[in-house]
Structures are given as C-alpha cells and as structure tokens.
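Inspection log for the structure reproduced underneath, given as structure tokens.
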Amino acid sequence: MDIFQRSIHSNVKQVDEDHLLVTSTLLDLEHSFHLELRVRLSDGLIEEARANMTKAPLNRCHAGAEGVRRLEGLTIGRGIVKEISRRLGGPRGCAHMVELITDAVRLVSMIRIGASVNYWDELKKTMTEDEIVAHGKKRLKNTCLVFAED
C-alpha cells in the first residue's frame with residue numbers, strides 16, 4: 001500500500017547564448033514549492049534565485065523559501081551541495097527546499113558537462129556510441145558505468 005508520493009520536476013531553458021533558466025517544482029501531499037534559478041552557462045554562476053511555497057504543512061514553513069536568494073553569487077561546481085546545505089539547511093531553512101535546489105543544481109552541472117564536450121551539437125550527429133564514450137571518458141571517467149575505467 002502506498003503511503004506517500006513526491007514528485008520533483010525540473011525544466012531547463014536556454015534563454016540566450018550564455019544563460020539557463022531552471023524551473024523546478026516539488027509537489028507532494030503536504031508541499032507545493034516552485035524554484036527558479038538563472039545560471040550563467042559559461043561559468044555556472046547563479047545570478048538569480050527565487051522560490052515560493054504555495055502549500056506547506058505549517059504556516060511558519062513558508063519562511064523556508066525566503067533564504068533562497070542567498071544562492072545568488074554561488075558558482076555551481078565542486079562543493080556546491082555542501083555550501084547549499086550550509087546556507088539553507090538545518091535551522092536556516094527547509095530540508096525539502098534544499099532537496100529541490102540540490103536536484104536543480106545537479107541538473108545544471110550535468111548540462112554544463114555535456115556542453116563542455118559538445119554533446120548537444122555535433123557529437124551525436126558525427127560519432128558512434130563507442131566514439132562518444134571514448135571522447136566522454138576524457139572528462140567523465142568513472143562518473144557512471146558508461147564512463148567506467150576498463
């Protein structure tokens with residue numbers, strides 16, 4: 001018997017040559033959150049961060065969205081998840097909002113890695129899967145089973 005269900009949905013749009021807009025939502029029986037991050041693609045800088053909660057179990061929970069602006073100026077890279085937790089986790093925020101932000105940041109990170117190896121453009125048009133894997137291993141070695149060392 002199911003007792004709980006949670007959905008996280010993220011959408012990434014390229015708004016111009018160097019900017020992504022990430023919109024993410026978290027929806028379950030108790031929560032409805034919306035997050036927007038404007039990120040510079042070239043260096044991963046979070047330029048704008050906004051969030052709101054339209055549904056939360058307690059009125060005081062809504063304050064958990066207010067701290068999201070503290071993400072502005074952070075660069076998505078090594079250590080970002082720890083820094084998000086430091087700035088917005090525990091007594092400074094909402095664990096579910098941190099979960100939503102972390103998911104969005106990891107998605108942007110994957111997109112930036114893909115862009116750095118031209119995955120979106122020519123790679124899939126001009127290379128076989130084996131060639132893509134060999135090319136990807138240069139940057140993605142041991143990040144998953146596809147790029148595992150032999």
Query - Criterion: modelled with pLDDT of 90 or more, open to solvent by less than 80 Å² (accessible area, probe 1.4 Å) and aliphatic (A, V, I, L, M) - qualifying residue of LEU140, LEU71, LEU123 - result: LEU71
Query - Filter pass, GLY114 being free of Cβ contacts under 8 Å to residues at least 60 places away in the same chain, closer than 23 Å to LEU20 by Cβ and not in a helix (DSSP H, G or I) - result: no
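Table: residues versus (1) open to solvent by 70 Å² or more (accessible area, probe 1.4 Å); (2) free of Cβ contacts under 8 Å to residues at least 60 places away in the same chain.
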| position | (1), (2) |
| --- | --- |
| GLU17 | yes, yes |
| PHE33 | no, no |
| ARG40 | no, yes |
| GLU47 | no, yes |
| ARG50 | yes, yes |
| MET53 | no, yes |
| ALA65 | no, yes |
| GLY79 | no, yes |
**Report entry** Filter result for VAL105 (part of a helix (DSSP H, G or I), in contact with a helix residue (DSSP H, G or I) (Cβ under 6 Å, 6 or more places away or on another chain) and buried (at least 19 other Cβ atoms within 10 Å of the Cβ))
**Finding:** yes
Query raised in the report: Would you pick out the residues in the range 1-15 that are of a type outside the set (Ser, Thr, Tyr) and either surrounded by 15 or more Cβ atoms within 10 Å (Cβ to Cβ) or outside any loop (DSSP other than H, G, I, E, B) (or both)?
Result: ARG6, ILE8, HIS9, ASN11, VAL12, LYS13, GLN14, VAL15
Query raised in the report: What pairs come up if the first residue lies in the range 128-150 and is within 18 Å of ARG78 (Cα to Cα), the second is loosely packed, with under 14 Cβ neighbours inside 10 Å, and their beta carbons are under 7 Å apart, counting only those six or more places apart or on different chains?
Result: ARG139/SER116; LYS141/GLU149; ASN142/ALA148; ASN142/GLU149
Query raised in the report: Just to be sure, is ARG60 open to solvent by 90 Å² or more (accessible area, probe 1.4 Å), within 14 Å of the chain's Cα centre (by Cα) and either among the hydroxyl-bearing types (Ser, Thr, Tyr) or over 17 Å from GLU36 (Cα atoms) (or both)?
Result: no
Requested in this report: Kindly check whether there is at least one residue in the range 45-65 that is in a loop (DSSP other than H, G, I, E, B) and more than 21 Å from PHE4 (Cβ to Cβ).
Outcome: no
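The values are calculated or read from the model by the stated rules, or taken from the named source; none is laboratory data. For clarity, every value in this text was computed on a predicted model and none was experimentally measured. Counting neighbours? That spans all protein chains shown, and the Cβs are built from the backbone with ideal geometry, glycine included. When the accessible area is computed, the model is the full protein with side chains, heavy atoms only, and any ligands, DNA or RNA have been set aside. Shrake-Rupley method; radii C 1.70, N 1.55, O 1.52, S 1.80 Å.
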